[in-house]
Protein chains: 2
Amino acid sequence: MDTKNIGLRGIEVADTRISKIDGEKGKLIYRGYDILDLTKKSNFEETAYLLLHDDLPRKEEYTEFLDKLAEARWVPKQMQTNMGNWRKDADPMDMLQAFVAALAGYFDEEFSTKEASYDRAINLIAKVPTIVASWQRIRDDEAIIDPDANLSHAANFLHMLTGKKPDEETAKIFDICLILHADHTFNASTFAARQVASTRAHMYSAASAAIGALSGELHGGANYEVMKMLLDIGTEDKVESWIKEVMDKNERIMGMGHAVYKTYDPRAQVLKELSRKLAEKTGEPWFDITQKVEQVTIEQMKKRKGMDIYPNVDLYSASVYYMLKIPMDLNTPIFAISRVAGWAAHIIEEKFAEAAPKPALYRPKAVYVGKYCGPQGCEYKSLDLRTQSS
Amino acid sequence: MDTKNIGLRGIEVADTRISKIDGEKGKLIYRGYDILDLTKKSNFEETAYLLLHDDLPRKEEYTEFLDKLAEARWVPKQMQTNMGNWRKDADPMDMLQAFVAALAGYFDEEFSTKEASYDRAINLIAKVPTIVASWQRIRDDEAIIDPDANLSHAANFLHMLTGKKPDEETAKIFDICLILHADHTFNASTFAARQVASTRAHMYSAASAAIGALSGELHGGANYEVMKMLLDIGTEDKVESWIKEVMDKNERIMGMGHAVYKTYDPRAQVLKELSRKLAEKTGEPWFDITQKVEQVTIEQMKKRKGMDIYPNVDLYSASVYYMLKIPMDLNTPIFAISRVAGWAAHIIEEKFAEAAPKPALYRPKAVYVGKYCGPQGCEYKSLDLRTQSS
């Protein structure tokens, strides 16, 4: 095969108006707006609107969007019953992938229009947090908490998860996390969503596939791996030897390095400050340990390979979620709670792009390097005559 | 963007040893063997083994594989209970996508080894038919039929679906359909499976995503659309005017034309004969109508656009399934029953390729064509100051 295509790195597959990464300058832009600005001035709901549409909402658009989102948080009771009748040790990402696909059975009207797709998008963005929180309550044998339309998207999720209304600062920290993870151009899960949508499959189907892609440890699973690493290290004084040992084995340090950013990932910058703030608030050691991981990895990479390396989005989100008392294996589902806004926007763009070049069903080429006996095929020997080892 | 990359058509993304299409000669080869030869001499179980491994099984390998497949047909009772507690009008593909993802909760040990992946593959190939048949029984308010280890894969599915053991000819016809649909290199659903697997997500997650991609009407959904067309046409004498009318509107005739085959799709050849055979057996008109659709479309395409067009795999599979008395909206799930063998093989190849160039996480490039106000981002105006229409 053409080895420069490996992982499709650098291969232009579509135009997009949704987001732009400037890897050199360390900038991430949603529909023209710098995410750093959005974390300071906006919130997740408005950011979701921005991603779905091509601009920030006007007042009446915003109010309508908020109302629709709050209304759509409810999940059918029958689905919650089914969740209750499930293995309690099921992975939350598997649950989420399954139940997002299942949502289609409840909300499957008029899939084919662009207008209907916006309602599906709202439905998805609103219901993914409810599914995640419901599953957490169910597996802990606790009563499911109904969504509260008076709370923000971030505060409502934390309330449904823990049964406690978060204070304003905690809710804002979580809201910023949601803004930061909401889109990142054609990352692996978004591309999976677009790939599935390119066949004209519906939005739930495409979003469910994206959840599958996000579950992989090379993608959304990474912030779970970071937290495992932090817990394994345990105290700040053990960081240096731990990192060196892993690097001696030529293994990756999770949370460090990114295929696109050649400088500090802007999301990591913000998350680092959130982690610092939470450490001050809680007195927990995870910010200090993470910062030390960053420092030692940078030094060692420079020394061993002469390379610059920077934290990615996963390094500091792990400790932030941990200090927010979110169960570790919900790190990736929380990534999904946010990224679903981007997926929905991309699915709509994939299916309803108005300007040329329009996307087409993705069907790449593979290079056959297997057994070949000419176009007539290899000789089929009957079972009795097969003696070769396979 | 680079418009020659649209739909990734012609872009080499990976090496594969699994299958090869010779679009010029109209040949499809699985691991070196011509599918026409396999339809005559092999069966679906052996073909699945062939796709998963690099050659046909020896006797003891085959026996062990058959035993494992037959044992793995059972689906957890709890899952069937949950299926029973579902909306009866849910689309079977949505159900399948959801429940394949959910399987991971039951069989999630040792995902990380290649050896374990073969067991997952057997599990998937064995259980997908049981899920499809169970759902059909449930939505029809009929008792679920347990798998019968004494029946072949094809016969067992038809038995679980209808409650009747099929005669030998019927079972063989269905078996041939399964062989023909089992793999087709990097089609959209297989590429979705590989895309998800490239993040290191597990096999159920990747297969569930592939089911999502298959559900799209541009992919596996096409044979459902073909049957809708045949029913809409109704009688052979109406074919010509129906086709002309659709072509006048510049719309596609479903089941005709293929991106890769420049001649008769070898699968369509075989399915055409199966459809003819079933029409003789049942006295139904669907073969004659389909053949007329083929003939008129070929004539009209030649006349209108000077182009040659040929039937694809969906044109004749629609009438075959219809005459086998399979509910129309199971056409695509049946495609999945077969294609899951190929998906599993591709997922294993994606994750455990031993020869360079090894696959890497698929993360293509997008070209940002949206709003841009420089790297500092557009000015964020507060809600009160927004007057532009969005």
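The values are calculated or read from the model by the stated rules, or taken from the named source; none is laboratory data. Everything quoted here is computed from the prediction, not taken from an experiment. Every residue, glycine as well, gets a Cβ built from its backbone with ideal geometry; the counts of neighbours run over all protein chains shown.
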Practice prompt. Would you point out which residue out of B:M79, B:M93, B:M83 is within 19 Å of the chain's Cα centre (by Cα) and buried (at least 18 other Cβ atoms within 10 Å of the Cβ)?
Written response: B:M93
Item to complete: Would you check which residues across the stretch B:255-298 are under 24 Å from the mean Cα position of the chain (by Cα) and polar (S, T, N, Q) and list them?
Response: B:T263, B:Q269, B:S275, B:T290, B:Q291
Fill in: Scan of the stretch B:154-175 for residues that are under 23 Å from B:A72 (Cβ atoms), of a type outside the set (D, E, K, R) and part of a helix (DSSP H, G or I), ordered by number
B:A154, B:A155, B:N156, B:F157, B:L158, B:H159, B:M160, B:L161, B:T162, B:A171, B:F174
Worksheet entry | Scan of the stretch A:205-225 for residues that are within 7 Å of chain B (Cβ to nearest Cβ) and either in contact with a Cys (Cβ under 9 Å, 6 or more places away or on another chain) or at pLDDT 90 or above (or both), ordered by number | A:S205, A:A206, A:S208, A:A209, A:G212, A:A213, A:S215, A:G216
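Report yes if B:A171 is free of Cβ contacts under 8 Å to residues at least 24 places away in the same chain and hydrophobic (A, V, I, L, M, F, W, C), otherwise no.
Criteria met by B:A171.
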Discussion item. It is to be established whether one or more residues within the stretch A:352-373 are more than 10 Å from chain B (Cβ to nearest Cβ), part of a helix (DSSP H, G or I) and over 29 Å from B:D15 (Cα atoms).
Written reply: yes
Discussion item. Can you tell me which residue is farthest from B:A345 (Cα to Cα) among those in the stretch B:176-198 that are among the hydroxyl-bearing types (S, T, Y) and part of a loop (DSSP other than H, G, I, E, B)?
Written reply: B:S198
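Looking only at the stretch B:205-218, how many residues end up being buried (at least 24 other Cβ atoms within 10 Å of the Cβ) and under 17 Å from A:A104 (Cβ atoms)?
Summing the residues that are buried (at least 24 other Cβ atoms within 10 Å of the Cβ) and under 17 Å from A:A104 (Cβ atoms) in the stretch B:205-218 gives 9.
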Response to the item:
Of all helices (runs of 4 or more DSSP H) fully inside the stretch B:255-339, the set with 2 or more residues that are crowded, with 17+ Cβ neighbours inside 10 Å and aromatic (F, W, Y) is B:286-305, B:313-323
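Can you tell which of B:V100, B:V75 is touching a residue at least 12 places away in the same chain (Cβ under 8 Å), of a type in the set (A, V, I, L, M) and not in a helix (DSSP H, G or I)?
Numbers: B:V100 fails: not in a helix (DSSP H, G or I).
Step by step, each of B:V100, B:V75 is checked, and only B:V75 is touching a residue at least 12 places away in the same chain (Cβ under 8 Å), of a type in the set (A, V, I, L, M) and not in a helix (DSSP H, G or I).
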Worksheet, complete the sentence: Quick count over the stretch A:190-204, residues being of a type outside the set (A, V, I, L, M, F, W, C) and under 16 Å from the mean Cα position of the chain (by Cα), is 3
Discussion item. Restricting to the stretch A:56-72, count the residues that are free of Cβ contacts under 8 Å to residues at least 40 places away in the same chain and within 16 Å of A:F107 (Cα to Cα).
Written reply: 0
Worksheet, complete the sentence: Of the residues in the stretch A:1-39, those that are assigned to a loop (DSSP other than H, G, I, E, B), free of Cβ contacts under 8 Å to residues at least 12 places away in the same chain and more than 7 Å from chain B (Cβ to nearest Cβ) number 0
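If you take the residues of the stretch B:40-52 that are free of Cβ contacts under 8 Å to residues at least 24 places away in the same chain and of a type outside the set (A, V, I, L, M), which of them is surrounded by the most Cβ atoms within 10 Å (Cβ to Cβ)? Explain how you work it out, then say what you get.
In the first step, residues of the stretch B:40-52 are kept if they are free of Cβ contacts under 8 Å to residues at least 24 places away in the same chain; the result is B:40-41, B:46, B:49-50.
After this cut, where a residue has to be of a type outside the set (A, V, I, L, M) as well, the list is B:40-41, B:46, B:49.
On the way: B:K40: 12, B:K41: 13, B:E46: 19, B:Y49: 27.
In this case the residue turns out to be B:Y49.
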Item to complete: List the number of the failed condition for B:G221; all other conditions in (1) surrounded by fewer than 24 Cβ atoms within 10 Å (Cβ to Cβ); (2) farther than 20 Å from B:A98 by Cβ; (3) not hydrophobic (A, V, I, L, M, F, W, C) hold.
Response: (2)
Worksheet item: Restricting the stretch A:217-254 to residues that are part of a loop (DSSP other than H, G, I, E, B), under 21 Å from B:A197 (Cα atoms) and of a type outside the set (A, V, I, L, M), which is farthest from the chain's Cα centre (by Cα)?
Response: A:E251
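Can you name every residue in the stretch A:48-80 that is more than 7 Å from chain B (Cβ to nearest Cβ) and of a type in the set (D, E, K, R)? Lay out the reasoning, then the answer.
Going residue by residue through the stretch A:48-80, those that are more than 7 Å from chain B (Cβ to nearest Cβ) are A:48-52, A:60, A:63-77, A:79-80.
If the condition is that a residue be more than 7 Å from chain B (Cβ to nearest Cβ) and of a type in the set (D, E, K, R), then A:E60, A:E64, A:D67, A:K68, A:E71, A:R73, A:K77 are the ones that fit.
For residues that are outside any helix (DSSP H, G or I) and closer than 21 Å to A:K41 by Cα, scanning just the stretch A:139-153, find the one that is nearest to the chain's Cα centre (by Cα). Even if it seems obvious, please write down each step before you answer.
Taking the stretch A:139-153 and keeping what is outside any helix (DSSP H, G or I), we get A:140-152.
Cutting the leftovers down to closer than 21 Å to A:K41 by Cα gives us A:150-152.
Numbers: A:N150: 26, A:L151: 23, A:S152: 20 Å.
Step by step, filter the stretch A:139-153, then rank; the result is A:S152.
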Fill in: Subset tally (residues that are aliphatic (A, V, I, L, M) and over 30 Å from A:Y368 (Cβ atoms)) for the stretch B:351-381
2
Worksheet, complete the sentence: When the stretch A:340-368 is checked residue by residue, the ones that are free of Cβ contacts under 8 Å to residues at least 60 places away in the same chain and surrounded by fewer than 22 Cβ atoms within 10 Å (Cβ to Cβ) are A:E354, A:A356, A:K358, A:K365, A:Y368
Item to complete: For B:D89, state whether it is more than 11 Å from chain A (Cβ to nearest Cβ) and among the acidic types (D, E).
Response: no
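Evaluate the following for B:D2: is it closer than 23 Å to A:G374 by Cβ and of a type in the set (D, E)? Before the answer, list the steps.
Working: closer than 23 Å to A:G374 by Cβ: no; of a type in the set (D, E): yes.
No, not satisfied.
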Worksheet item: Does B:P333 qualify as being closer than 17 Å to A:L8 by Cβ and touching a residue at least 60 places away in the same chain (Cβ under 8 Å)?
Response: no
